[in-house]
Amino acid sequence: DQQVKQNSPSLSVQEGRISILNCDYTNSMFDYFLWYKKYPAEGPTFLISISSIKDKNEDGRFTVFLNKSAKHLSLHIVPSQPGDSAVYFCAASASGGANSKLTFGKGITLSVRP
Amino acid sequence: EAQVTQNPRYLITVTGKKLTVTCSQNMNHEYMSWYRQDPGLGLRQIYYSMNVEVTDKGDVPEGYKVSRKEKRNFPLILESPSPNQTSLYFCASSYGGTQYFGPGTRLLVL
């Protein structure tokens with residue numbers, strides 16, 4: 001049973017346009033959500049996070065939106081750049097941000113076309 | 001520089017030959033964990049450790065062992081590797097809810 005779902009395996013976007021990456025979760029105990037970015041031959045790197053007490057968190061070109069009632073979050077990248085091409089993982093935990101297990105989705109491969 | 005290091009980065013071995021993948025972090029983090037990444041399956045947790053001498057199973061612990069004798073190191077041990085353990089392995093350490101990953105170890109078991 002997959003608790004964190006990234007249903008679209010890939011997304012292709014034109015440079016300069018918005019990229020929207022979606023993530024759904026089933027476990028209502030999850031209260032802290034993160035996005036990681038992964039380039040080939042490298043480990044995942046932390047991108048942005050959001051606590052369940054918020055519905056939006058912004059960091060430069062990256063914004064994460066959380067809809068708790070729908071158990072859905074999304075990552076918006078505006079404007080998209082070719083260097084954003086990578087695999088993006090959504091992750092969730094159930095301890096309000098304390099040291100705890102992260103449950104990951106399968107990842108979305110984002111391709112930004114020049 | 002704050003980092004998580006893993007060694008080796010690449011390893012080819014044969015079925016049944018014991019191996020250890022080392023992991024070390026210099027951030028004084030208490031929480032460390034091991035993941036494997038497989039095509040179409042994302043990142044799955046193998047084992048984690050809340051602190052020295054405290055370890056517990058993740059989602060896919062079968063065939064693996066870990067130890068945490070000191071805070072900075074968290075080795076992953078495959079006592080008798082099998083081909084289904086061919087994978088890309090990541091070690092991570094955590095501060096708060098954010099985990100920081102090592103560069104990965106690509107393992108091929110023949």
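Some values worked out for this structure:
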| read-out | value |
| --- | --- |
| Qualifying residue in the stretch B:26-47 (condition: away from chain A (no Cβ under 13 Å) and surrounded by 13 or more Cβ atoms within 10 Å (Cβ to Cβ)) | no |
| Segments classed as strands (runs of 3 or more DSSP E), wholly inside the stretch A:30-114, with at least 2 members that are within 8 Å of another protein chain (Cβ to nearest Cβ) | A:32-38, A:45-51, A:86-93 |
| Selected residue (only one of A:A92, A:A41 is crowded, with 18+ Cβ neighbours inside 10 Å, at pLDDT below 95 and among the aliphatic types (A, V, I, L, M)) | A:A92 |
| Output for the stretch B:1-32, where each listed residue is assigned to a strand (DSSP E or B), of a type in the set (S, T, Y) and either at pLDDT 95 or above or at positive phi (or both) | B:T5, B:Y10, B:T13, B:T20, B:T22, B:S24 |
| Breaking point among (1) in a loop (DSSP other than H, G, I, E, B); (2) in contact with a strand residue (DSSP E or B) (Cβ under 7 Å, 6 or more places away or on another chain), for A:N22 | (1) |
| All positions within the stretch A:1-29 that are away from chain B (no Cβ under 11 Å) and under 14 Å from A:S74 (Cα atoms) | A:N7, A:S8, A:L11, A:I18, A:S19, A:I20, A:L21, A:N22, A:C23, A:D24, A:Y25 |
| Members of the stretch B:81-98 that are facing chain A (nearest Cβ under 9 Å), in contact (Cβ under 8 Å) with a residue 40 or more places away in the chain and over 13 Å from the mean Cα position of the chain (by Cα) | B:S94, B:Y95 |
| Single match in A:I77, A:I50 (criterion: more than 21 Å from B:Y35 (Cβ to Cβ) and in contact with a helix residue (DSSP H, G or I) (Cβ under 8 Å, 6 or more places away or on another chain)) | A:I77 |
| From B:T15, B:T20, B:T55, residue being farther than 11 Å from A:K101 by Cα, within 14 Å of chain A (Cβ to nearest Cβ) and not aliphatic (A, V, I, L, M) | B:T55 |
| Residue ID - modelled with the lowest pLDDT, chosen from residues in the stretch B:74-107 that are of a type in the set (S, T, N, Q), surrounded by 15 or more Cβ atoms within 10 Å (Cβ to Cβ) and not in a loop (DSSP other than H, G, I, E, B) | B:T98 |
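The values are calculated or read from the model by the stated rules, or taken from the named source; none is laboratory data. It should be emphasised that the depicted structure is a prediction, and the values quoted were computed from it without experimental measurement. FYI the Cβ positions are ideal-geometry reconstructions off the backbone, even for glycines, and counts take in every protein chain you see.
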